[in-house]
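Read the structure below first, then the notes.
The values are calculated or read from the model by the stated rules, or taken from the named source; none is laboratory data. Since we're looking at a predicted model, the values are computed, not measured. All Cβ positions, even for glycine, are placed from backbone atoms using ideal geometry, and neighbour counts span all protein chains on display. Note: areas computed on protein heavy atoms with side chains; ligands, DNA, RNA excluded. Shrake-Rupley method; radii C 1.70, N 1.55, O 1.52, S 1.80 Å.
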Amino acid sequence: MRNYDKCLANAYLCVEMAITVDFYAPCERLRPWVKYYWILRADGGIDVPSWPVGCPMLIFHREEPLYIPETGTWQPRVAVSGQVNFPSRLQSGGRVEMLVAVLTPWALGSFSRVPGSEFYNREVGMCELSDHSLSELSRQVSESSVDDCPLVGIVERWLVQRFLVKKSLNAVRVRAALQYLESDSRGSVAGMAG
């Protein structure tokens, strides 16, 4: 098991109670697909704002799922969240413990048979995706008795299998093309293909 680097110190939010959020950097091999992980814990109810970060996410609730009043729905226990374009509130009346893997914008299409655009402004339960491997990951995270780093490790091992063994997307080339476009808005196709 590698020693995970915390990409940020523990973040503590106070909304009538303490909520802890720990951030973790992905292993070097997964950085083309994973931006970071975070684990949120609260012993009682929460009601906090959430803003879109422009990235899809894998969400694992180990305790009570969150309610999203803007959509009138409860998050699935384990979900794939696409990119969203609206702020929301996250609410729960009970104990909360969740692990979230924040992916790069192009990563979603790399491991799912469903195009990333189909997840736009949606959270889809992993059981709805008919993917045995994803269902097994969901079971492992939900049933695991380990905390933080080993828990992130369970997700990382699965992601390594999906992204590095499957090789369904040339992420290095995509990342280079996106960086080129961001650095020079007059970028050419020839420059991106290089």
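Summary table below
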{"read-out": "Filter pass, Glu64 being closer than 18 Å to Gln75 by Cα, at pLDDT below 90, open to solvent by 50 Å² or more (accessible area, probe 1.4 Å) and not in a strand (DSSP E or B)", "value": "yes"}
{"read-out": "Selection count, the range 67-98, where residues are open to solvent by less than 30 Å² (accessible area, probe 1.4 Å), farther than 23 Å from Asp131 by Cα and assigned to a loop (DSSP other than H, G, I, E, B)", "value": "1"}
{"read-out": "Residue count for the range 99-138, restricted to those that are surrounded by fewer than 16 Cβ atoms within 10 Å (Cβ to Cβ), touching a strand residue (DSSP E or B) at 6+ places or on another chain (Cβ under 9 Å) and at pLDDT 80 or above", "value": "3"}
